[in-house]
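Below is one structure; the comments refer to it alone.
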Amino acid sequence: MSARKNLASLSAPRVLVKSFAAFSAKEYRRKTVLIKKGNIEMGVKKQPITKIRGGARVPHKKVTAEGGSVRMPSPQTVVLPLQQHIGAPCTPLVKVGEQVHIGQVIGDSDAFVAAPIHATVSGTVKAISPYLLANGNTVDAVQIENDGQDTLCPDISVPKINNVADFIQAVRQSGMVGIGGAGFPLHGKLAIKKETMVDTLIVNGAECEPYITADYREMMENSKHVLDGIELIMQYVGIPSCLIGIEENKPKAITLLTKAIAQRGMEKRVKVKALPTRYPYGAEKMLIWALTKRKVPLGGLPSDVGAIVLNISSVSVLNYYLGTGIPLVRKRITVDGGAILWPQNLFVPIGTSVKEIIQFCGNFIQEPEKIILGGPMMGLALYNIEGPLMKQNNAILCLTKEEMYAPENAPCIRCGRCAEACPMNLMPTYIERYGKQGDVVALKKHGVAGCMECGSCAYACPARRPLVQFLRHGKLVIRGK
């Protein structure tokens, strides 16, 4: 691994916010009382939920929750990396100088775990060149100069679906991935083997990280698309029941979807479950455990325990594609943080530079200490703001020095708080030690592969050890990188 890649992938820290550290038990109880009072007023009933192990009490900080989403105009230039998903990178299908249209496939792969990349503006391909992503990987990227015409690709049409195979193919052609942050190609989740019995579709509306409200706005603004998407997935994939998990600090969304489900007469098959407001209830394995009390085995998939988990925005956007034929070319993101002038949710063309998004939000009111792509617990720190927004990005956070809490790392004091906080029951300090030693056998024995990099251990650590980075390094040691 090159020094530059090593720096980008390992030293981009999980952000600890100063207000998080000062978030006392008294303040947490006060917030909890207010949430419960609001739920009672909204008619939200307490649901039987299985508690998760560990986790963290993080403040809500959902200041953009009640503002409507704003559609950002298309930029003059977009940069579209040919790997915006977990899996194999795509091969460019266009050439420099070629004219392209919105929704045209510009990159694809024969690999199953991959999703096509579509042009998000109409215009001319100006360059195809290597690009360094925020996670340290380098892939080819297609640069398109906007002609300002917003011309749709003439090949776009509403997909015709007659069976399961048609449905899975349509999902793949949409370019959909987990747009809540994971980035796994959606068709890969829905292509269930015949021998696999799946009885529950779990729709993730938890959105448990602070600041981010993109999924909440999707629920409030496009509840019809959400429920239509759920019905289509249940119909074609053959899943009899659906559970929608939403944290109880979103009573309006819970009430809205519950009433809409009742109006459709779907309440026996589709149920909304109010989750405790605790991080990381939105993690895939945690959500399955909380809603079904089923434990996904180490190295296993949700389908191994009869479940499929999809982000609520992914379901909604998929339904939009099935009704219009327009693939994933725009997405909703949250722009927030104390350094930004106008925090808001935006509907942005994929490939727009972070710099232009920040400028659209009024630019900085003070110099940010750190800019995060994603949430403060699992996001990546950006090394510059020239890079593009990608499919799986759901937030841009511009945090001030006052918001940051980043003291010098101290030696481990063996308090065990990291182990108590780990939802996967791992021992982060042991994994740190064995990673430094390069002990592959010990790393496997202590289950480093089961780490979901949620950041709960680093959040709990009084010595402020960069534990997530050590855990990620342990995974790289196993892979021989």
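With the cut-off at 1.5 for a/c, could you classify region 247-384 from its C-alpha gyration tensor as rounded, prolate or oblate?
Because a/c hits 1.5 or more and a/b exceeds b/c, region 247-384 counts as prolate.
If each residue's Cβ is checked for other Cβ atoms within 10 Å, how do HIS225, HIS118 rank with the fewest at the top? Before the final figure, lay out each step's value.
Working: HIS225 20, HIS118 27.
Fewest to most other Cβ atoms nearby, the residues stand as HIS225, HIS118.
Contour minus end-to-end for LYS355 and LYS293, with contour as 0.36 nm per residue of separation and end-to-end as the Cα-Cα distance?
Details: separation 62, 0.36 × 62 = 22.32 nm, distance 4.33 nm.
Separation in residues times 0.36 nm, less the Cα-Cα distance, equals 18.0 nm.
Taking the Cα centre of the chain as origin, sum charge times position over the Cβ atoms of Lys and Arg (+1) and Asp and Glu (-1), and report the length of that vector in debye to the nearest 20. Kindly include the intermediate steps, with their values, before the conclusion.
Values: 59 positive and 38 negative charges, 443 e Å.
With only Lys, Arg, Asp and Glu charged at Cβ, the dipole is about 2120 debye.
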(request) Mind listing the long-range amide H neighbours of ILE179? Cut-off is under 5 Å, sequence gap 5 or more, other chains count too, H placed in the peptide plane at 1.01 Å from N. (result) SER314
(request) Collect residues whose amide H, placed 1.01 Å from N in the peptide plane, falls under 5 Å from the amide H of GLY379; neighbours closer than 5 in sequence don't count. (result) VAL15
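So which of LYS61/LYS194; LYS401/LYS445; LYS268/LYS444; LYS273/LYS391; LYS259/LYS401 end up more than 32 Å apart, counting from Cα to Cα? Intermediate values should be presented prior to the final figure.
Details: LYS61/LYS194 44 Å; LYS401/LYS445 39 Å; LYS268/LYS444 43 Å; LYS273/LYS391 27 Å; LYS259/LYS401 43 Å.
Result: LYS61/LYS194; LYS401/LYS445; LYS268/LYS444; LYS259/LYS401 exceed 32 Å.
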(request) Divide by every residue of the chain the summed helix terms, -39500 (n - 2.57) for each DSSP H run of at least 4, and state the resulting mean residue ellipticity at 222 nm, rounded to the nearest 500 deg cm²/dmol. (result) -9000 deg cm²/dmol
(request) Would you mind ranking ARG479, ARG464, ARG53 by Cβ crowding within 10 Å, fewest neighbours first? (result) ARG479, ARG53, ARG464
(request) Output ³J(HN,Hα) for region 394-408: one whole-Hz value per residue in order, computed from phi by the Karplus curve 6.51 cos²θ - 1.76 cosθ + 1.60 with θ = phi - 60°, and x for Gly and Pro. (result) 10, 6, 10, 10, 10, 9, 7, 5, 5, 6, 6, 9, 9, x, 5
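Tell me the net charge near CYS398. Cut-off is 13 Å between Cβ atoms, CYS398 excluded, with +1 for each Lys or Arg and -1 for each Asp or Glu. Let's see the in-between values first.
Working: positive: LYS355, LYS370, LYS401; negative: ASP336, GLU367, GLU369, GLU402, GLU403.
Local net charge: -2.
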(request) Give the order of GLU221, GLU403 when sorted by the count of other beta carbons within 10 angstrom, beginning with the fewest. (result) GLU221, GLU403
(message) Projecting each Cα onto the charge dipole of region 384-481 (Lys/Arg +1, Asp/Glu -1 at the beta carbon, about the Cα centre), which of LEU397, PRO423, GLN437 comes out farthest on the positive side?
(response) GLN437
(request) Mind checking which of ILE117, ILE372, TYR459 is farthest towards the positive end of the chain's charge dipole, using Cβ charges of +1 (Lys, Arg) and -1 (Asp, Glu) about the Cα centre? (result) TYR459
(message) Strictly under 4.7 angstrom between C-beta atoms: which cysteines of the chain have no such partner?
(response) CYS90, CYS153, CYS208, CYS242, CYS361, CYS398, CYS412, CYS415, CYS422, CYS451, CYS454, CYS461
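Throughout, read-outs are computed from the coordinates displayed, never taken from laboratory work. Since the structure is predicted, the reported quantities are computational estimates derived from the model, not experimental observations. FYI the Cβ positions are ideal-geometry reconstructions off the backbone, even for glycines, and counts take in every protein chain you see.
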